[in-house]
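Working notes, structure below.
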Amino acid sequence: MKEKIDYEEISEVLKAIAHPVRLQILAGLLEDECNVGKIQDTLGLPQSTVSQHLAILRRHKIVKARREGVKVCYQVESPVVKKIIKLLAQESKK
């Protein structure tokens with residue numbers, strides 16, 4: 001029996017990652033999990049902006065947070081999004 005594809009869910013994930021800042025955050029997190037401060041320093045954005053983008057990614061279960069002392073470290077959780085970001089990185093190098 002053919003498995004039904006949830007296009008609504010796929011669309012929501014694509015919308016969540018379809019922002020230049022979120023794509024940069026995800027690409028960076030694939031290299032190394034890190035906290036908001038490190039992301040903020042790397043991208044040169046205000047902490048509130050980075051936190052808002054991370055909240056969107058968390059809401060869609062694209063990234064997950066892990067507390068490390070007083071810091072919260074983020075990493076990419078979604079295997080599909082990992083593949084998408086890696087593919088985009090490969091294609092942009094061509």
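Read-outs throughout are calculated quantities, based only on the coordinates presented, and are distinct from any laboratory measurement. In this text, all values refer to a predicted model and were calculated from it rather than measured experimentally. Heads up, the Cβs are rebuilt from the backbone with ideal geometry, glycines too, and the neighbour counts pull from every protein chain shown.
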Please name whichever of Val80, Leu54, Ile25 sits farthest to the positive end of the charge dipole of the stretch 7-92, dipole taken about the Cα centre and charges placed at Cβ: Lys and Arg +1, Asp and Glu -1.
-> Leu54
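Check each of the trypsin sites (Lys or Arg not before Pro) in the stretch 1-62 and keep only those in coil by DSSP with at most 10 other C-beta atoms within 10 angstrom; list them in order.
Working: sites: Lys2, Lys4, Lys15, Arg22, Lys38, Arg58, Arg59, Lys61; in loops: Lys2, Lys4, Lys61.
Of the trypsin sites (Lys or Arg not before Pro), the ones in loops of the stretch 1-62 whose Cβ has at most 10 other Cβ atoms within 10 Å are Lys2, Lys4.
Do the alpha carbons of any pairs in Lys61/Lys82; Lys38/Lys61; Lys64/Lys86 sit beyond 24 Å of each other, and which pairs?
On the way: Lys61/Lys82 12 Å; Lys38/Lys61 21 Å; Lys64/Lys86 18 Å.
In this structure, not one pair exceeds 24 Å between Cα atoms.
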Mind checking which aspartates and glutamates have their C-alpha under 19 Å from Lys93, skipping anything on the same chain fewer than 8 residues away?
-> Glu31
Near Lys15, which aspartates and glutamates are there with a Cα under 19 Å away, not counting those fewer than 8 places off in the same chain?
-> Asp6, Glu77
Report relative contact order for the chain in percent, whole number only (criteria: Cα-Cα under 8 Å, sequence separation at least 6).
-> 28 percent
Of Gln24, Gln47, Gln75, which has the largest mean-square fluctuation in a 10 Å C-alpha GNM of the chain?
-> Gln47
Compute the distance in nm between two label points, each set 7 Å from the Cα along the Cα-to-Cβ direction, one at Lys64 and one at Lys82.
-> 1.1 nm
